[in-house]
Amino acid sequence: MSNDSALNYTVAQGRATSFFPTFERKDELQHATHFCPGCGHGVVHKMLARAIDELAVQDRTILVGPVGCGVFTYHYFDVGNISAAHGRASAVASAVKRSRPEAIVLSYQGDGDLAAIGAAEILHSANRGESITVIFINNAVYSMTGGQSAPTTLLGQKSTTNPEGRNAIPDGYPLHVSELLATLEAPVYIERVGLGDNKQLMAAQRAIRRGLENQVRGLGFSFIEVLAPCPTIWKMNAVEAQHWVRDVMEKTFPLGVMRDKTKETEPRPAPASAPALDRIPGILGVAEADLPTGNAHVMEQGREVDLEVRIAGFGGQGVLLLGEMLAEAGLDAGLEVSWLPSYGPEMRSGTSNCHVRISNAVIDSPVVTSPGVLVAMNEPSLRKFDRAVRPGGWIIYNGEEFPADCVRDDIHVLALPFTQIANDLGDARAANMVMLGALLQISGVLPRESVSAALRRLIKHQRWVDLDEKAIAHGGSLAAARSQEE
Amino acid sequence: MTDTVKHDRGKIEIDANECKGCGLCIEACPPKVIAMGDHLNHYGYKTAFYAGSGCTGCSICFTACPEPGAITVYRTAVTSSRVEAPCASN
Amino acid sequence: MRKQLMKGNEAIVKSAILSGCRAFYGYPITPASEIAETAALYMPKTGGIYVQAESEVAAINMLYGAAAAGVRAMTASSGPGISLMQEGVSYMAGAELPCVIADITRGGPGLGSINCEQGDYNQVVKGGGHGNYRTLVLAPYSVQEMADLTALAFTLAERYRNPVFLLADGFVGQMMEPVEFPEKAIEAETPRWAVTGTAATRSNLVTSLYLDADKLEAHARHLEAKYEMASRLETRSELWQTDDADIVLVGYGITGRILKAVCTEARAAGIKVGMLRPITLFPFPNDDFQRLAKRARAFAVVEMSNGQLLDDVRLALNGARPVEFFNRMGGNVPTHEEVLHFVRALAAQIAPASQPAEERLAHV
């Protein structure tokens, strides 16, 4: 027998400091885990805690826990803890890491959690190359819920939901998550390890440490899949279950490094620092300098304004811009305005229309159902809205001839080939601005200065500003000539 | 005991309160110096115990054990400079 | 301060950033996509995070992560996407995490349409997820309110540590109106409970799991107390020409705008009509209903859904006054002409206010 008292012993391996000394968040039995005897989770927990200790990142670590037998990570790990919904841990971890780039963010998930319900989240977290470390516990079953099949359940393996064993038809094949993720370009490190014997245990400990180290170095996405025993659900003793990992599971899920770009990957640059707070309004374009100067002073005082306009045409004819210009000019003139577009597939496949109201009273409804002016840029648009125009109102129509069956004796019509007119002015696409000019002339509400100001706010290219100004002026003179005829 | 017996390079302590008697440490131990006792702890589990000699301090029992603090591994100062002890594959 | 013309969806994002929001996790959907697009443009420039998630499910769980890490975060979606987010909303309410979710509603059920409807009322106001929780719900009816209520939403989310919804319809999201913003941006403080990866926050825990029945019940009572407090302190509504109203029209969002036009026209025709517009849909302005019921003879709910708001109005009135109903669905927005027609018919039904006040009050 050796004589201890004669020797100087030091602790080689003991309880990790990244574990709580006692598990006070547990309701009972606070000195031990809730895991069954021989559970792989306990083994991996210890590996993880040891790696956190060794890399001295306990304060920086945020552990995102799963739903499954691993749900109580926060009972054990004395680190920042967040428990996620079933399958979503890697999505949660992605946002945590982006929020706190200095933190070491771990996502700990089982095979039901990660490979089934969370398949989309893990795939996209990996594909985005999130700088997180994911520990994936694969024990080929749903353990917490009592042993149902998982995507990783082996062919022939029985479970409560595959009582006769899993068959490729109709159940499909065990899902190889590591191999799947290794087809992606972004991950820097992917390894599958096992807990099947001493050699595997040592490799697993090394892999988990590397997964963390990669993040400490700022490299990117690391993923460690651990083939782990579940003696309880597998109905084996702990040692049999351990051997089953090595002798059976490993045949379906070969161990090894599937991706290692850690040598050639450069650490990610630190995120750019945020701008000073007083610069934010300017960046958003809502600072004092960004606001319209306004030409309200040129408005005729005391004049009542209540303009309700509907503008309609095909997508691409500038219907929405016409309306926006009108509203912008109204705002510049110190009036209340609203602009309401039709939206959605209409924008992409055909007709488009918008409602504009300009008033010197607060605008109640921005919905214009009985327009005072209808601007119809084509015949279908005319036919859609012509009956809605209120008596005494105007229709400005883009066409050689106003359709006979649309004629009403209680409204005014200005029908001209505006597209051709715009083409003659230099570009057919300015037809909307010629019609705007006509509308401004007819309504007689908005000062010229406000229209110019609106044009300059909305149109960036000088060539178009010049052309549009010409178009608006020309449209105005056409409408003026028509009203003189009347 | 004879004079040819060397001092052990390590020893382990098993906390019978934490041990769940799974036997993974017994399976893992290369020199086979851990055994299962008959005593039941407060959970009703039999617990593993160190046979008392022959430990190399390799720590593989600690790695195999699922409980955070059930096993503590000690090494003598002579061997403590070795980071990883050799471990046999079973 | 001078105003600028802006879409409601754009105003939400700008107001959010001015309010200290520095994270947007979302998924595109009409008619809410401009919110994601605007966030994609401005978040990176202002030191924030923008991620287009793989789904609404992922987006709301990213919000969970950002909020847990102590960052002011938001997302936006519409009907079908909000349905998918309900899982995360329940978890966030359970874990007491603040966030702001803009629901720019469209037509349903199912794929429905992208038109303007209000059928998300129940899933947002009643809580579409599992468990004993509520979300606070703000219902803007103008672009200015899109901005103002977004700022308020962040304040409430943090005050109550709870998800707050902005429930706006496609019209309010898509329309442009003049809007003004605060001159200064706010810097959000990191909440003490957040998990930020530091020694000081190492002991913090974010979870919604309480396995013990007594603990979960205590947690549910705690949540309940918060909602009760919000009901007392945060209820908001607009009362429009209700002082002498015989008929009180009730509507929120774009419907509220239409009802204002109806009130004006009905009063011109000699009918005393007013409008009660709930600005907070939860908490619901029950007291305002009870107060107006002392004077008004009838209430009429106008909505673009199948009586979802109507249920809450009936509960609020608790039988004190009759509740009439007018709705359009499918993307058909009620015109003020048809609502006026409905109001005229209703006015003809109710007799002049000849009852003695005591008798009327007896019904309240």
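The values are calculated or read from the model by the stated rules, or taken from the named source; none is laboratory data. From a predicted model like this one, the values you see are computed outputs, not experimental measurements. Neighbour counts run over all protein chains shown; Cβ positions are idealised from the backbone, glycine included.
The table that follows gives values for the structure above.
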quantity	calculated
Residue match in region A:393-406 (condition: in a strand (DSSP E or B) and charged (D, E, K, R))	no
Which numbered condition C:Glu117 fails, given (1) assigned to a loop (DSSP other than H, G, I, E, B); (2) surrounded by fewer than 21 Cβ atoms within 10 Å (Cβ to Cβ)	(2)
Qualifying residue in region C:203-215 (condition: among the hydroxyl-bearing types (Ser, Thr, Tyr), within 8 Å of chain A (Cβ to nearest Cβ), more than 24 Å from the chain's Cα centre (by Cα) and not in a loop (DSSP other than H, G, I, E, B))	no
Wholly enclosed strands (runs of 3 or more DSSP E) of region C:253-358 bearing at least 1 residues within 30 Å of C:Asn162 (Cα to Cα)	C:273-278, C:280-282, C:298-303
Residue satisfying all of: in region A:448-477; aliphatic (A, V, I, L, M) and surrounded by 19 or more Cβ atoms within 10 Å (Cβ to Cβ); nearest to C:Met6 (Cα to Cα) among these	A:Ala454
Single condition A:Asn423 does not satisfy, out of (1) polar (S, T, N, Q); (2) in contact (Cβ under 8 Å) with a residue 24 or more places away in the chain; (3) outside any strand (DSSP E or B)	(2)
Residues (over 30 Å from C:Gly331 (Cα atoms) and either away from chain A (no Cβ under 13 Å) or part of a helix (DSSP H, G or I) (or both)) located in region C:90-107	C:Tyr91, C:Met92, C:Ala93, C:Gly94, C:Ala95, C:Pro98
Output for region A:17-40, where each listed residue is in contact (Cβ under 8 Å) with a residue 12 or more places away in the chain and at the interface with chain B (Cβ under 7 Å from one of its Cβ atoms)	A:Phe19, A:Thr33, A:Phe35, A:Pro37, A:Gly38, A:Cys39
Segments classed as helices (runs of 4 or more DSSP H), wholly inside region C:1-88, with at least 1 members that are over 27 Å from A:Gly87 (Cα atoms) and of a type in the set (D, E, K, R)	C:8-18, C:33-42
Selection within region B:6-61 - facing another protein chain (nearest Cβ under 9 Å), farther than 28 Å from A:Gln30 by Cα and hydroxyl-bearing (Ser, Thr, Tyr)	B:Ser53
From the options C:Leu136, C:Leu152, C:Leu156, C:Leu167, residue that is farther than 24 Å from C:Met43 by Cα and either modelled with pLDDT of 95 or more or within 15 Å of the chain's Cα centre (by Cα) (or both)	C:Leu136
Test: residue in region A:157-172 that is basic (Lys, Arg) and in a loop (DSSP other than H, G, I, E, B)	yes
Filter result (closer than 29 Å to A:Tyr74 by Cβ, facing chain A (nearest Cβ under 8 Å) and either in contact with a strand residue (DSSP E or B) (Cβ under 8 Å, 6 or more places away or on another chain) or polar (S, T, N, Q) (or both)) within region C:176-202	C:Val195, C:Thr196, C:Gly197, C:Thr198, C:Thr201, C:Arg202
Matching entry among A:Thr232, A:Thr252, A:Thr265 (being surrounded by 15 or more Cβ atoms within 10 Å (Cβ to Cβ), in contact (Cβ under 8 Å) with a residue 60 or more places away in the chain and outside the structural domain of A:Pro163 (by TED's automatic domain parsing))	A:Thr265
Residue, surrounded by the most Cβ atoms within 10 Å (Cβ to Cβ), within region A:386-406, restricted to residues that are farther than 25 Å from A:Val367 by Cα and among the hydrophobic types (A, V, I, L, M, F, W, C)	A:Phe402
Residue within region A:69-86 that is assigned to a loop (DSSP other than H, G, I, E, B), on the phi < 0 side of the Ramachandran plot, touching a Leu at 6+ places or on another chain (Cβ under 6 Å) and facing another protein chain (nearest Cβ under 9 Å) present	yes
Failed condition for A:Gly14, given (1) small (Gly, Ala, Ser); (2) within 34 Å of the chain's Cα centre (by Cα); (3) surrounded by fewer than 22 Cβ atoms within 10 Å (Cβ to Cβ)	(2)
Residues of region C:127-175 classified as buried (at least 22 other Cβ atoms within 10 Å of the Cβ), farther than 28 Å from A:Ile363 by Cα and out of contact with any strand residue (DSSP E or B) (no Cβ under 7 Å at 6 or more places or on another chain), total	1
Qualifying residues in region A:105-136 (those that are out of contact with any Gly (no Cβ under 7 Å at 6 or more places or on another chain) and within 7 Å of chain C (Cβ to nearest Cβ)) - the one nearest to A:His176 (Cα to Cα)	A:Ala120
Strands (runs of 3 or more DSSP E) lying entirely in chain B (those with 2 or more residues that are touching a helix residue (DSSP H, G or I) at 6+ places or on another chain (Cβ under 8 Å) and at pLDDT 95 or above)	B:10-14, B:34-40, B:71-76
